[in-house]
C-alpha cells in the first residue's frame, strides 16, 4: 500500500531492499486494499518484519541482501517494517481520510487480539483487561530514517517519508516502558499468555 513493484526496479542493487513475501504490489492494487480495510474484508494490518542488512550482514554473522547480487533468486526474502507500521498506517489511513481512528485501533490492536485468542485480556481498554496502552500524538511529525530507527538493520524501506502521528509513550500492564525515545522496560518482565484454543475468527 506504500511500497510498490516499481521499487524493485530501482537503480543498481537498490531494488533488493524490497524483495519480500508476499511480494509488493502495483499502485493500482492499493485502492482495493484500502477499501477492503475500511469495509472489514481485511481485518488486520501486520508486518512479517523479516529484515536483512543491505550491506555486509549483521556483524558478519548473518548474510545480508548482498547474497543475491549475482542472482535474483538468492536475495534473502524479507524487509524491516515493524517500528514504522503504525505511524505509516495512521498517516496514510487516518490523515488520508481512508480510515477512522476507531478503525485504525481495530486493525492494529483489537482484531489481532481476537484472532490470536487473547481478547479481551488484550486489545481493549476495559475493566479486567491488561492495561497495555499506546499513547499517540496525532500532530507529531517524524521523518523516517535508518539513521534514527531502532530496528537492527542498515536501511529503511520508508527512508525519507515524513509522517504526522507518532507514539509518545507505551504502557505494559499499566507500567510505563517507553517514554519518548527512552526504553524503560526490563528483560524478563514478560508473562505467559494462555490463549483460547478455538479463537474467534472474524
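Nothing in this text is a laboratory measurement; each read-out follows from the coordinates by a stated rule. Bear in mind the structure is a predicted one, so any value in this text is a computation, not a measurement. Using ideal geometry, Cβ is built from the backbone for each residue, glycine included, and neighbour counts are taken over all protein chains shown.
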Of the range 83-123, those with amide N under 13 Å from the point 7 Å along the Cα→Cβ vector of residue 176 are none
Out of 127, 32, 19, any idea which swings most in a Gaussian network model of the chain, alpha carbons joined below 10 Å?
127
Please work out the Cα convex hull volume for the range 139-202 and give it in Å³ per residue.
189 Å³
Cα convex hull of the range 5-183, projected area averaged across orientations, nm²
11.8 nm²
Given 5 Å bins starting at zero, what is the percent of C-alpha pairs of the range 32-127 in each, up to the one with the largest pair distance?
3, 12, 16, 17, 14, 10, 11, 11, 5, 1, 0, 0
Let me have the 222 nm mean residue ellipticity of the chain computed from DSSP H runs of 4+ only, each contributing -39500 (n - 2.57), with the sum over all residues rounded to the nearest 500.
-2500 deg cm²/dmol
Provide, for q = 0.13, 0.25 Å⁻¹, the log10 of I(q)/I(0) from a solvent-free Debye sum over equal Cα point scatterers in the range 1-66.
-0.48, -1.11
What's the ranking of 109-118, 164-173 by average number of surrounding C-beta atoms within 10 Å, highest first?
109-118, 164-173
Provide the FRET efficiency to the nearest 0.05 for the residue 30-residue 140 pair, computing r from the beta carbons and using R0 = 25 Å.
0.50
Given a 10 angstrom Cα cut-off, can you work out which residue in 152, 77, 95 is the most mobile in a GNM of the chain?
152
